[in-house]
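One structure is given here, and the rest of the page talks about it.
The values are calculated or read from the model by the stated rules, or taken from the named source; none is laboratory data. The model shown is predicted, which means the values in this text are computed figures rather than measured ones. Neighbour counts are summed over all protein chains in view; Cβ atoms, including those assigned to glycine, are modelled from backbone coordinates with ideal geometry.
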Amino acid sequence: MAEANRKIAFICSKGDLDMAYPALIMGWAALGNGIDVTLFFTFWGLDLVTKKRVDRLEIAPVANTSFKMSMMGLPTGNLGIPNIMGIIPGMTAFASWFMKTKMKALGVPPVREYLQMLSDGGAKMYGCKMTVDMFGIKKEDFLPCIESVVTASDFIDMTEGAQIIFI
Amino acid sequence: MLADLTAIAFNEEGFMTDPSQWTKEIAEVLAKQEGLETLTPEHWKIIDFCRQAGLASGKSPTLRQITTGTGISTKDLFALFPKGPAKKVAKIAGLGKPEGCV
């Protein structure tokens, strides 16, 4: 089968709730189709695989031009949440809760569980050495799905022949 | 004696187009084509679940629906149907390509 050796690697650099999902969804689809999957977490992306942060990922309505009120079922068309409202305490928590509710309704698992599914499905996951050093993150701070902390050069070596997607 | 597939309709991706043509004997032949020499009771548990879910909804269940529906872990599912369980299970169960993303 031509697909047998296809490899995909995701570089996850964002720690927002909405930016956590693209690699998880595509990585899971790739595993389901027999493709080798590697995830490399760098910078804010390390939030996704850090025990203290993974269940507290958020999406902020401030300066988020895609966040329309119509997503909440209000007939407001292209009207977004005004930035002045976005700065009200609790708005980010509300938006995060809202997105989590929507995802749950679609049967999409929370990030922690999704990572475990990918890990069980054979995905390899690594942390970025430079960011880990900069943020002062320790091995025990990571979820068990993280195999090790590697340098950028290691990542380039281990993804030879892979299609690389930067998120 | 292997089942004869000449009368079975497949689409260009190798999925059966008429789930009512499916039999257990056909599943065994399809499994061999997918590299699975023998189907164990664990395999059948998954295939039977997919048949039920697929015929009830008209769609192949997703991997997550399979693990939650059968109680078989993700690790075991990937071990039972190595190299791409999503398409393999659907093909062997005589269903279409799974449409869900999770």
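Based on this model, can you work out whether A:Ile84 counts as away from chain B (no Cβ under 13 Å), without any contact (Cβ under 8 Å) to a residue 24 or more places away in the chain, out of contact with any Gly (no Cβ under 6 Å at 6 or more places or on another chain) and in a helix (DSSP H, G or I)?
yes
Here are A:Ile11, A:Ile25: which of them is among the hydrophobic types (A, V, I, L, M, F, W, C) and in contact with a strand residue (DSSP E or B) (Cβ under 6 Å, 6 or more places away or on another chain)?
Going through A:Ile11, A:Ile25 in turn, the sole match is A:Ile11.
Applying the criterion of being within 14 Å of chain B (Cβ to nearest Cβ) and closer than 18 Å to A:Phe155 by Cβ to the residues of region A:7-21, the residue that is farthest from the chain's Cα centre (by Cα) is A:Lys7.
Which residue is farthest from A:Thr92 (Cα to Cα), if the candidates are limited to region A:22-41 and must be under 8 Å from the mean Cα position of the chain (by Cα) and more than 10 Å from chain B (Cβ to nearest Cβ)? Among residues in region A:22-41 that are under 8 Å from the mean Cα position of the chain (by Cα) and more than 10 Å from chain B (Cβ to nearest Cβ), the one farthest from A:Thr92 (Cα to Cα) is A:Ala23. Here is the figure for region B:53-102: residues that are more than 12 Å from chain A (Cβ to nearest Cβ), in a loop (DSSP other than H, G, I, E, B) and either in contact (Cβ under 8 Å) with a residue 24 or more places away in the chain or among the polar types (S, T, N, Q) (or both) total 5. Evaluating A:Leu118 against the criteria (1) modelled with pLDDT of 90 or more; (2) more than 13 Å from chain B (Cβ to nearest Cβ); (3) out of contact with any Cys (no Cβ under 6 Å at 6 or more places or on another chain) leaves one unmet condition, (2).
For region A:150-167, check the following and say yes or no: at least one residue is among the polar types (S, T, N, Q) and crowded, with 17+ Cβ neighbours inside 10 Å. Yes; the residues of region A:150-167 include at least one that is among the polar types (S, T, N, Q) and crowded, with 17+ Cβ neighbours inside 10 Å.
Of the residues making up region A:47-56, not a single one is over 22 Å from A:Thr151 (Cα atoms), among the aliphatic types (A, V, I, L, M) and either free of Cβ contacts under 8 Å to residues at least 12 places away in the same chain or in contact with a Gly (Cβ under 9 Å, 6 or more places away or on another chain) (or both). Checking A:Ser70, A:Ser96 one by one, the residue that is in a helix (DSSP H, G or I), touching a residue at least 60 places away in the same chain (Cβ under 8 Å) and either buried (at least 18 other Cβ atoms within 10 Å of the Cβ) or more than 13 Å from every other protein chain (Cβ to nearest Cβ) (or both) is A:Ser96 and no other.
Within region A:110-143, the residues that satisfy the criterion of being free of Cβ contacts under 8 Å to residues at least 12 places away in the same chain and either crowded, with 17+ Cβ neighbours inside 10 Å or within 19 Å of the chain's Cα centre (by Cα) (or both) are A:Glu113, A:Asp120.
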